[in-house]
Structure formats: structure tokens, C-alpha cells
Amino acid sequence: MDWLRIAHLRCIRSADLRLGSGLVWIAGANGAGKTTLLEAVYLLDRGRTFRGRRSGPVTTRGEAATAVAGGVRDSERIRQYRWSSKAGSRDGLGPPFSRFVGASSFSIVDGDPALRRRFLDWSLFHVEPDARSLWTKLRRLQRQRNAWLASGGRGRAVWDAPYAEALAGVWARRTAFVTRIDAAFRALTADLLPVGALSVGWRWTGQDRDLSALLETQRAGDLERGHTFLSPSRGDLVFRSNGTPWSGSRGENKLAGMLLQLAIQGVVTEATGVRQVVLLDDPYAEVSRAYVAPVIQAWAGAAEQVIVTSLERPPDDLAAALDPMVFHVEQGDFLRA
């Protein structure tokens, strides 16, 4: 992110920042506007917020609309993006350029499995674009089979074979992708996680079974339910330490979540050649400072740019190693520190 202009986004009434490259550090109190700056970058990239509906309207109270513009370095040129609340979508060409690593990164490890599946599939689609069409095909077949079940399942089970084939394809892509992630995740956690090396794998209902035969055995239950039980939502990531299922403290889970995203970023970069802009929101929350600095340094080596928000300025050892551009924010106003 080379430059960023924000008008009327939550507590930021107006901001015009030159962000340069490398590590950018945004320091300030809670509610000052740190995360809102990350939200502005995300809006430019995805055309939507990462906060969710409960966060309320994005436009500053009393103003008519929000506008965000920015320039993202792409090889030797700056690619421009714009987003406005009136349009409701971004204006700019190019693939997604950012990865948001939130303060709730622990949720990737110990949160709802649905979150992990969405997180995994979003990254998989970047590495294998044709996986999205396979996933879409599976959803279509699932709707058709469910409609057949809801109508009483009369006649031959014509949807079972194509549904089983598509489901096996989706699960195979997920399994292969997680296998690629695992090697990098083991190495990162061995060096940067207090508990040592962790592995990650993909586990799903029907693993090592003939899915067509399994659908047949489950058909009576599916008819009673009116929908297909065996679906892409029956899988989950599994974390292990020395072969044993692992669950850590909140701080350990957050670190593991950040390192998992870093491992995935390595796979995405290897497959696409794209180094992303990484948005690290309050990485020090609930985690010892001694463990966070090496993670930030690892992200800085893997990403095109890292924008970090924190209550405090960067620690001296990190500042000496990475020479960050530092801003201090108060009530939506950004000052170069």
C-alpha cells in the first residue's frame, strides 16, 4: 500500500497517508482509529468490511457517505483502487492483495469449524482457481439432491453418483492443500511457538470410505431429515503435537492461528508469485511480547508489506531490525512519529 486516503470512515473524518513499503506501525489508544485504517485497506481490496454487521454503519455520524482510495504497488507501477459507501463496491482491477490477521486469530484454532472451512477454502481458491468451480458444482448437486429428498426421494437415486464424485473432489483438494501447509506450519511452530512444533491435518466424515455406498446407507436418515447429511461442512482442521490432538491456551491459540496464516501465505506466494499486504491487528493482545516480535519479523520477510496496529510504539529490537514507518493516531488523526 503506497498511499491511502480516507474520508468519513467511522472515527476517521479525513486522512491522507504515504505508507511507503516494508513495516508500517500504527500506535494509539483503543478507539483511536487504528483498526479503522486496516478496515479502509480491506474495503479497497474486498469491497466489504471484516467487522461484521454488529459494528454498525461505516460512515462517520453526520456525514453522507464514506470514500476510500489507495495505491498498491504492483511490480513497477502503482495500481489504484477506490471504494465508496454509495457504490457499495470497489473500483479497481486485480486480484485480492491483502490478508487480514485479526486480534481474534485464536478463533482459527479453537473457534467454530465453519470459520476454519471458510478460511481454508478462501486460500485454496487463490492457489487453485478451478477449485471454486468444483465447489460451485458440488453445491448445485447438493441442492438438487436435497430437493429430491424433500419430495420423498421417489425413483432412482440419480444424484448420488455425481454428488459423491464432486464431494470426493472437494475433499481431495482440501486434503492436498492442508498437506502443503503442514510442512511450513511445522517449521514455523517449532521455531516460534512456546510449545514447539505442531502439525495440521484435514479430517472429514467418510474419509477412506466409498462415498456412493455411504450415501446409500445414510439415505433413510437423509429422507427423514429432508437433506443430505454427508456434505462439505463435515470436515475440519486438526492440530496435533507429537501425534496427539492439541489445544492450547488463548495466547498459544492466537500465536498458532497467526502462524497458520503465515504458513498459508507461503503456499499462496509459492503458487502465485504474489506477496500480499498483511494487516496485523493488535498482535500483542493476550500474547507475551517476547513471542510476538519474531512472528512480526517472519511476516515482514514473507509479505510485500505489513501494517501493524498496537497500543504502543514498536519495541526497540524490532525497530532496529526492520526500521518501521511509525504513525501515532489520536481520535482519527494520524501523525508521523
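The values are calculated or read from the model by the stated rules, or taken from the named source; none is laboratory data. None of the values given here were measured: they were computed from a predicted structure. Here the Cβ is made from the backbone with ideal geometry for all residues, glycine too, and neighbour counts use every protein chain on show. SASA here: full protein model, heavy atoms, side chains in, ligands and nucleic acids out. Shrake-Rupley method; radii C 1.70, N 1.55, O 1.52, S 1.80 Å.
Descriptive notes on the structure:
- A single entry from 282, 236 fulfils the requirement of being open to solvent by 20 Å² or more (accessible area, probe 1.4 Å), at positive phi and touching a residue at least 40 places away in the same chain (Cβ under 8 Å): 282.
- Unique residue being in contact (Cβ under 8 Å) with a residue 40 or more places away in the chain, within 20 Å of residue 44 (Cβ to Cβ) and either among the aliphatic types (A, V, I, L, M) or open to solvent by less than 30 Å² (accessible area, probe 1.4 Å) (or both) when the list is 69, 87: 69
- Across the range 257-275, the number of residues qualifying as over 20 Å from residue 310 (Cβ atoms) and either in contact (Cβ under 8 Å) with a residue 40 or more places away in the chain or within 12 Å of the chain's Cα centre (by Cα) (or both) comes to 10.
- In the range 17-36, the residues that are assigned to a strand (DSSP E or B), touching a residue at least 24 places away in the same chain (Cβ under 8 Å) and open to solvent by 20 Å² or more (accessible area, probe 1.4 Å): 22
- Selection within the range 98-138: residues that are surrounded by 13 or more Cβ atoms within 10 Å (Cβ to Cβ) and of a type in the set (D, E, K, R). The member of this set that is modelled with the highest pLDDT is 137.
- Taken as a whole, the condition of being charged (D, E, K, R), closer than 30 Å to residue 310 by Cα and in contact (Cβ under 8 Å) with a residue 24 or more places away in the chain applies to residue 117.
- Residue selected from the range 300-316 under the condition closer than 26 Å to residue 31 by Cα and in a loop (DSSP other than H, G, I, E, B), by the criterion most open to solvent (accessible area, probe 1.4 Å): 313
- Every test in (1) small (Gly, Ala, Ser); (2) in a strand (DSSP E or B); (3) within 27 Å of residue 302 (Cβ to Cβ) is passed by residue 14 save one, and that test is (3).
- Boolean, residue 154 is closer than 17 Å to residue 263 by Cβ and surrounded by fewer than 21 Cβ atoms within 10 Å (Cβ to Cβ): no
- Qualifying residue in the range 44-53 (condition: in contact (Cβ under 8 Å) with a residue 24 or more places away in the chain, more than 17 Å from residue 336 (Cβ to Cβ) and of a type in the set (Ser, Thr, Tyr)): no
- Residue 330 vs. criteria out of contact with any Lys or Arg (no Cβ under 7 Å at 6 or more places or on another chain), free of Cβ contacts under 8 Å to residues at least 60 places away in the same chain and open to solvent by 30 Å² or more (accessible area, probe 1.4 Å): no
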